[in-house]
Amino acid sequence: MMKAIANETRFEIVRYLLTNPSCITGNIVDLLPIAQATVSQHLKVLRDAGWITGSEEGTAVSYCADKENIRWFTETVGTLF
């Protein structure tokens with residue numbers, strides 16, 4: 001999880017999803033100054049690491065922050081310091 005969130009773009013995606021639940025890839029593409037394919041790669045890394053979840057809605061995929069995993073991460077990291 002730490003390696004995935006260490007990237008500034010992925011950090012911004014997670015931060016955005018925490019305040020904008022259930023958004024589709026197009027919303028994230030509009031937010032960032034990078035290509036759609038690059039956004040999709042970042043979303044895959046975040047999903048594989050457990051930061052976000054995705055569900056298909058027709059031809060689009062809706063993403064949201066995985067709040068349970070994020071809560072676990074913040075509690076675990078908080079005990080390190």
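Observations on the model:
- Over the stretch 2-78, relative contact order from alpha-carbon pairs under 8 Å, at least 6 apart, %: 32
- Within the chain, helix-based [θ] at 222 nm, where runs of 4 or more DSSP H residues each add -39,500 (n - 2.57), nearest 500: -17500 deg cm²/dmol
- Close amide-amide hydrogen proximity is noted between ILE52 and ARG47, ASP66, each under 5 Å apart and 5 or more residues distant or on a separate chain (H modeled in the peptide plane; Pro and chain starts excluded).
- The largest-to-smallest principal axis extents of the Cα set in the stretch 2-78 are 37, 24, 21 Å.
- Nonlocal amide H pairs with ILE24, under 5 Å, H built at 1.01 Å: TYR63
- Per-pair calculated FRET efficiency, R0 = 25 Å: LYS3 and ILE34 via Cβ, rounded to 0.05: 0.80
- Spacing of the two label points (7 Å from each Cα toward its C-beta) at GLU75 and PHE11, in nm: 2.5
Rule-based calculations on the coordinates, nothing more; no lab input. This is a predicted model, so every value here is computed, not measured. Ideal geometry is used to build each Cβ from the backbone, glycine not excepted, and the neighbour counts take in all protein chains shown.
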